[in-house]
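Colleague: Can you keep this structure in mind? I'll have questions shortly.
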Amino acid sequence: MDHHPDQVETKYILTEGGGADIRIGDARFFTVQTGQKGIFRFRLRARGKPGHGSVPHEENAVVRLAQALANIGAVDLPIHPSPTLRAYLEGIASTQDTETAKSLLSVLDPRQSEEALEKTPFD
C-alpha cells in the first residue's frame, strides 16, 4: 500500500489508527477496530464511626472505602477475547509456522495471555 497504491482497487478502506499495519515475518496485516471498551458503573457504601480527616481511624467509612478501592485496583483481571479478536488471531495463525501460530493463539488463553502478549511477534 505504501509503494503501490495503484494495486489496491477500491473506493473505501476501513481502518483504525491511520492505516497502521502489523508485520509478522514477511506478511502484513491491517487492523480494523470492531469494538470499544465498555464501562462498568457501581456504587460503594461504607458505614463507620465519624472522625476527623486529619486523624483517620480504622472504623472510619472513608478509610474503608479507600481500602475497598485499593482492593479492586489490585485485581489482575484476565482478558476476555471477543469473537472478532479470536477470529483475527486464528486467521493470522493459520498463515504462520507452528511456533508463531502457537504464540499467537496463546494470547487467547487467560492463563497465558499476559505473558503471551509480551512475546507476540508483531513488529
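Bear in mind these aren't lab numbers, they're just calculated from the coordinates by the rules spelled out. Because the structure is a prediction, the values reported are computed rather than measured. So basically every Cβ, Gly included, is an ideal-geometry build from the backbone, and we count neighbours across all protein chains shown.
Colleague: Counting pairs of alpha carbon atoms under 8 Å apart in space and at least six apart in sequence, what relative contact order in percent does the chain give? It would help to have the intermediate numbers written out before the result.
Modeller: Numbers: 88 pairs, mean separation 21.0, N = 123.
Contact order relative to length: 17 percent.
Colleague: Rounded to the nearest angstrom and ordered from largest down, what semi-axes does the equivalent ellipsoid of the stretch 40-87 get from its C-alpha gyration tensor (root of 5λ)? Display every interim value, and only then the final one.
Modeller: Details: eigenvalues 267, 22, 9 Å².
Output for the stretch 40-87: semi-axes of 37, 10, 7 Å.
Colleague: Still on this structure, please answer the following. Report ³J(HN,Hα) in whole Hz for each residue of the stretch 49-65, in order, from the Karplus equation J = 6.51 cos²θ - 1.76 cosθ + 1.60 where θ = phi - 60°; Gly and Pro get x.
Modeller: After applying 6.51 cos²θ - 1.76 cosθ + 1.60, I find 8, x, x, 9, x, 7, 9, x, 10, 4, 8, 6, 4, 5, 4, 5, 5 Hz.
Colleague: Give me the one-decimal nm value for the distance between modelled label points at Leu44 and Arg23, 7 Å along each residue's Cα-to-Cβ direction.
Modeller: 4.6 nm
Colleague: Same structure, new question: Give me the lysines in straight-line cross-link reach of Lys119: C-alpha distance below 28 Å, same-chain residues under 8 apart excluded.
Modeller: Lys37, Lys102
Colleague: Could I ask something else about it? What order, most packed first, do the peptides 30-42, 108-120, 81-93 have when packing is the mean number of other Cβ atoms within 10 Å of each residue?
Modeller: 81-93, 108-120, 30-42
Colleague: Still on this structure: Pick out, from Ala68, Ala101, Leu44, the residue whose Cα sits farthest towards the positive end of the charge dipole of the stretch 41-106, with +1 on the Cβ of Lys and Arg and -1 on the Cβ of Asp and Glu.
Modeller: The Cα lying farthest towards the positive end belongs to Leu44.
Colleague: How far is helix 83-93 tilted off the main Cα axis of the chain, in degrees rounded to 10, range 0 to 90?
Modeller: Tilt relative to the chain: about 40 degrees.
Colleague: Using only C-alpha atoms and all pairs of different ones, pull out the Kirkwood radius for the chain in Å with one decimal.
Modeller: Over the chain, the inverse of the mean reciprocal pair distance is 18.9 Å.
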